[in-house]
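Here's the structure, in structure tokens; my notes come after.
The values are calculated or read from the model by the stated rules, or taken from the named source; none is laboratory data. Computed from a predicted structure; not experimentally measured. Glycine gets a Cβ as well: all are built from the backbone with ideal geometry, and neighbour counts include every protein chain shown.
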Amino acid sequence: MNVKQKVRVLSILAPVLMSGIMSGCSAPLLPEPRVSSSSRRLEPDDVLMAQMRKDWHALQKPSLSNEEYSSLVHRYNRALLMMLRRYRADMLQAFERGERNYPLPGGVSVLNNVEGDDGLLREIYEDVVPAYDVNTHSLQEHYTVPGLGVPLVGIVPAENVGKTGRKFNIRTKGTVSNITAVMEFPESESGRPRLHLLNRNQHDTLRLRGFHHQLAGDFSAPIEIYWNLTRVKEDRMLGMLKPQKLRDVNGLSCIEAYDPNKIPVILTHGLLSSAGTFDNLVNRLICDPLIRKNYQFWYYNYPTGVTWTISAARYREALKEVRATLDPEGKNRNWERMVVVGHSMGGLITHYSQCTEPWMLLRKRPHIEPYLTSKYIDQELPFEGGHELKKAFYFRPVEAGMVIYMATPHRGAPLARYRLVTVLMKLVELPQNLVDEVVNIATLQQDSLLLNPGKLTEAFTSVNQLAPDSYSISGLQGLTVRNVPTHSIIGDQGDGDTPDSSDGVVPYWSSHITWGDETIVPSDHSVQDAPETSAEVTRLLAEYLKHCGRDTRVTN
């Protein structure tokens, strides 16, 4: 390995290694309540409520100029933000005292449009964090929309998920809601105010008393909070070296409640990474009203120290489980329209799961050759260890409507044979159930019972199975895939010498495929972070809506 290659490898590994070192001294997961006793003394709750009531009624006048309307909205939002900050501080203190419900002051009722349920905030949310208080430091941009109301991030713990009346992701300890809060005041002075909690991913405006009000929104704060709570970005090194440690966050998940009217977009990360690697991409996509209206983003998180053929099997199982739960009758066509996106090794998982005859990956193994037929999708293989082999290599392809590859090493990555990387892979500790699975599969692939299972599992770690001459990569070549719209986004580090270019990890000759379209972006291997990638994916998703026959107009 020459000096330039060493620099490239270190540039990839250093941030990941540092994230593992620094994970024990990270910032608080949620911002502390911002309430001072002096503010409450200077502007008591009843004064703020009276000011909001006055401004609310003034906002309904049809003769307001744009300047007058903006001034009223600014003052109304300020008062509402102060009230919500105070409520949050009081609610959290009540929770610490063991009180499960804490009503809003002033007899305010809650209309929880987020989940279609009326009631106290505490019945659903463990916390409601004003988006203004969230530091979106891990995102490259912070996307907000001005308007009426106060953006909030609602924290829904796992035990409250069932109370929402809507289905969430399968593997979750909770989730978040992107909310805009609006306090409505009735015309009668004696009437009770109502706090509307509106799902900002579904509502752009609020119609009240014949008026349409543009809602304020913050699309970045929920993304920041969600990844803070899961900690998967901090623990991405563990996902490779000690995958068993992350078993609780592995699987398929979605930030928000499942929406059957939206097309699922399944994002699968690569080596030395986690689902949080897509935070900037999703942040840019979801601020687009057309994308937000039509798509919902799901993440597949998996231990990256395991060979990608096994991770692909678990990926397919997760997709089946999710659909069986959310669409048990199999009638929602949006699951057939599903878009699958894979970055780096995640692209190999995506690629293999689209193969029409996946068992042919084993075609160079004489012992298996008599069994290379589709009938074993529904039948057990008639030899010891055949069950594990069947799970990994005998399956029906994932029925995706569109496939997007990002920096995917379809023909392998020479980096997998670099000494620094192979030394690192010796540190990988697979859990026993995966060791057994790898040994069975690898033994059958090599047509022999090897005496050194440790050596065998080392050969079948993820990095070794990324090498161009590995069993998995060489077997993948020539396999047919489903005929669906397919696109590749490939990084060029800046030399501009395609087809001799590289993103620093995957050379163009490996990421280029002969089917589908491709786009070259000026980026290193982290193409998912490049603004040009976000723009291209936005374009692809918008075009795909026409392919699906969906309305591409954005209406409020």
Checklist entry - If you scan segment 371-404, which residues turn out to be small (Gly, Ala, Ser), touching a helix residue (DSSP H, G or I) at 6+ places or on another chain (Cβ under 7 Å) and buried (at least 18 other Cβ atoms within 10 Å of the Cβ)? => result 392
Checklist entry - What about residue 504, is it small (Gly, Ala, Ser), assigned to a loop (DSSP other than H, G, I, E, B) and out of contact with any His (no Cβ under 6 Å at 6 or more places or on another chain)? => result no
Next on the checklist: Against the condition in contact with an Asp or Glu (Cβ under 7 Å, 6 or more places away or on another chain), closer than 28 Å to residue 285 by Cα and surrounded by 20 or more Cβ atoms within 10 Å (Cβ to Cβ), how does residue 407 come out, does it pass?
Outcome noted: yes
Item to check | Flag if residue 72 is outside any loop (DSSP other than H, G, I, E, B) and closer than 18 Å to residue 126 by Cα | outcome: no
Next on the checklist: Quick check on segment 522-538: of everything there that is touching a strand residue (DSSP E or B) at 6+ places or on another chain (Cβ under 6 Å) and at pLDDT 95 or above, which residue is surrounded by the fewest Cβ atoms within 10 Å (Cβ to Cβ)?
Outcome noted: 532
Item to check | Among (1) at pLDDT 80 or above; (2) touching a strand residue (DSSP E or B) at 6+ places or on another chain (Cβ under 7 Å); (3) under 30 Å from residue 346 (Cβ atoms), the one test that residue 175 misses | outcome: (1)
Next on the checklist: Looking at segment 320-345 only, could you name the residues that are under 16 Å from the mean Cα position of the chain (by Cα) and at pLDDT 95 or above?
Outcome noted: 338, 339, 340, 341, 342, 343
Checklist entry - So, in segment 351-370, of the ones that are in contact with a Ser or Thr (Cβ under 9 Å, 6 or more places away or on another chain) and of a type in the set (A, V, I, L, M, F, W, C), which residue ends up modelled with the highest pLDDT? => result 355
Checklist entry - Counting only residues that are buried (at least 19 other Cβ atoms within 10 Å of the Cβ) and at pLDDT 85 or above, how many does segment 87-118 have? => result 2
Checklist outcome for this item: Counting only residues in segment 37-48 that are exposed (fewer than 10 other Cβ atoms within 10 Å of the Cβ) and not aliphatic (A, V, I, L, M), the one modelled with the lowest pLDDT is identified as 37
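With the condition being of a type outside the set (Asp, Glu), surrounded by 22 or more Cβ atoms within 10 Å (Cβ to Cβ) and at pLDDT 75 or above, I'd like the strands (runs of 3 or more DSSP E) fully within segment 203-292 carrying at least 1 qualifying residues. Reasoning before the result, please.
Values: elements: 205-208, 211-214, 251-254, 263-268.
Once the strands (runs of 3 or more DSSP E) in segment 203-292 are filtered for at least 1 residues that are of a type outside the set (Asp, Glu), surrounded by 22 or more Cβ atoms within 10 Å (Cβ to Cβ) and at pLDDT 75 or above, what remains is 251-254, 263-268.
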